Amino acid sequence: KQEVTQIPAALSVPEGENLVLNCSFTDSAIYNLQWFRQDPGKGLTSLLLIQSSQREQTSGRLNASLDKSSGRSTLYIAASQPGDSATYLCAPNSGGYQKVTFGTGTKLQVIP
Amino acid sequence: DAGVTQSPTHLIKTRGQQVTLRCSPKSGHDTVSWYQQALGQGPQFIFQYYEEEERQRGNFPDRFSGHQFPNYSSELNVNALLLGDSALYLCASSEVQGEKLFFGSGTQLSVL
């Protein structure tokens, strides 16, 4: 059974800082891994998808890396902004039928 | 192009009642998954539908059932509601199994 841990659980930083969110998972036999953000009481917005054969994906100020063999992924956010405040969730996909497992997320607050 | 749409947005029920939640996938998507998200937790996989069949199921009791229609829209039914069923119910769709998930805004269910 896949288990996902995200560290830290919460993070508060001043605007402009670069930051790293960590995700670890127990079953390294994954198909891909997706990072999402969630605003309070809302649905999830996809940020980045990394295929199992990839090491890294970038979108604007976001960069996600994947080390499948060690069961780890990191999300790097450059030059953080107050609008980045949200909960960030990582979700490895363990099967072709898309059995996706979520961590409990990292709640980020960026202070102006 | 409409994304994933869910209805209703909020719902209040009492214990023992039955509820039906609805989801229309993003245009061009044929796979629909349902997730339950309790407060402060990550989403938990309920089941996935593809070609009008349940293809994969998470660890949820038979009180949770679903259906997919020929137009790919889907319903989630929950019978004999319990207080613990109170949660945000999220629907996700994808174009191809195993690829990027797109989520709706969710249905907030409160069981009193």
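Which ones in the stretch B:88-106 are at pLDDT 90 or above, more than 7 Å from chain A (Cβ to nearest Cβ) and outside any strand (DSSP E or B)? Matches in the stretch B:88-106: none. Scanning the stretch A:8-26 for residues that are over 13 Å from residue A:66 (Cβ atoms) and within 14 Å of another protein chain (Cβ to nearest Cβ), we see that the one that is surrounded by the most Cβ atoms within 10 Å (Cβ to Cβ) is A:21. Of all residues in the stretch A:98-112, those satisfying the criterion of being surrounded by fewer than 22 Cβ atoms within 10 Å (Cβ to Cβ) and either part of a loop (DSSP other than H, G, I, E, B) or away from chain B (no Cβ under 14 Å) (or both) are A:99, A:104, A:108, A:109, A:110, A:111, A:112.
Listed here are the residues, each with its yes/no results for (1) within 23 Å of residue A:33 (Cβ to Cβ); (2) in contact with a Pro (Cβ under 8 Å, 6 or more places away or on another chain).
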| position | (1), (2) |
| --- | --- |
| B:32 | yes, yes |
| B:36 | yes, yes |
| B:59 | yes, no |
| B:65 | no, no |
| B:68 | no, no |
| B:74 | no, yes |
| B:79 | no, no |
| B:84 | no, no |
| B:93 | yes, yes |
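Looking across the stretch A:61-97, the residues that are touching a residue at least 60 places away in the same chain (Cβ under 8 Å) and part of a loop (DSSP other than H, G, I, E, B) come down to A:78, A:79, A:80, A:81, A:94, A:95, A:96.
Pairing residues of the stretch B:1-29 that are closer than 16 Å to residue B:72 by Cβ with residues that are among the charged types (D, E, K, R) and part of a loop (DSSP other than H, G, I, E, B), at Cβ distances under 6 Å and at least 6 apart in sequence or on separate chains, gives B:3/B:26; B:4/B:26; B:27/B:1; B:28/B:95; B:29/B:95. On the stretch given as the stretch B:10-22, residues that are surrounded by 12 or more Cβ atoms within 10 Å (Cβ to Cβ) and closer than 24 Å to residue A:104 by Cβ total 1. Per the listing A:62, A:44, A:49, the residue uniquely surrounded by 22 or more Cβ atoms within 10 Å (Cβ to Cβ) and either among the hydrophobic types (A, V, I, L, M, F, W, C) or at positive phi (or both) is A:44. Those strands (runs of 3 or more DSSP E) of the stretch A:1-60 in which 1 or more residues are of a type in the set (Val, Ile, Thr) occupy A:4-7, A:10-14, A:19-25, A:44-51, A:56-59. If you filter the stretch B:31-56 down to residues that are of a type in the set (A, V, I, L, M, F, W, C) and buried (at least 21 other Cβ atoms within 10 Å of the Cβ), you find that the one that is farthest from residue A:100 (Cα to Cα) is B:32. Taking the conditions (1) among the hydroxyl-bearing types (Ser, Thr, Tyr); (2) closer than 27 Å to residue A:35 by Cβ; (3) more than 10 Å from every other protein chain (Cβ to nearest Cβ); (4) over 13 Å from the mean Cα position of the chain (by Cα) in turn, residue B:110 satisfies each one other than (2). The set of residues in the stretch A:29-41 that are surrounded by fewer than 18 Cβ atoms within 10 Å (Cβ to Cβ) and within 16 Å of the chain's Cα centre (by Cα) contains only A:39.
Of the residues that sit in the stretch B:8-48 and are among the hydroxyl-bearing types (Ser, Thr, Tyr) and away from chain A (no Cβ under 13 Å), which one is nearest to residue B:77 (Cα to Cα)?
B:20
The values are calculated or read from the model by the stated rules, or taken from the named source; none is laboratory data. Just so you know, these numbers come straight off a predicted model, no measurement behind them. Methodologically, a virtual Cβ is constructed for each residue, glycine included, from the backbone with ideal geometry; neighbour enumeration extends over all protein chains shown.
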